[in-house]
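Everything on this sheet refers to the single structure shown next.
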Amino acid sequence: MILLTRFDGAKFYINIDFIEFIEETPDTMLSLIDHKRILVRESANDVVGKITEYLRSIYRGNTGSGGRIAMITQNQAQAEHSEKEWQTEHLRDAKGEGA
């Protein structure tokens, strides 16, 4: 679990397995797998960083964790690439250039 801050300043822990996606609108909104949404003060990059740090801490003590950490880093890079694709697509849609 990671520690985050609600928009009203209240601290809370969230199980990362329940986060479906994170968006900035411009405030950071977590959408959960049960369709609940939580507004947080941290940026999307900060939330992803906390998730990555948490996962790394889990795998640090395990034998062969280097492969797992590489997988986490690869997944983060894929998420960043997907975010860029999403932004490009929505920018095209906003300009009326959609496919």
> How large is ³J(HN,Hα), in whole Hz, for each residue of the range 25-35 in order, when computed from phi with the Karplus curve 6.51 cos²θ - 1.76 cosθ + 1.60 and θ = phi - 60°, using x for Gly and Pro?
Replying inline: 10, x, 6, 7, 10, 9, 9, 9, 5, 8, 6
>> Taking the Cα of residue 57, stepping 7 Å toward and past its beta carbon, and measuring to each backbone N in the range 1-24: which are under 15 Å?
In response: 1-5, 12-17
>> Taking the alpha-carbon distance from residue 84 and a cut-off under 26 Å, which lysines remain once sequence neighbours fewer than 8 residues away in the same chain are dropped?
In response: 36, 50, 95
> Stretched out fully, how many nm does the piece from residue 16 to residue 1 gain, at 0.36 nm a residue minus the Cα gap?
Replying inline: 4.8 nm
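No value in this document is a laboratory result; all are computed from the given coordinates. Nothing here was measured: the structure is a model prediction, and the numbers come from that model. Cβ sites come from the backbone with ideal geometry, for glycine too, and all protein chains shown count toward neighbours.
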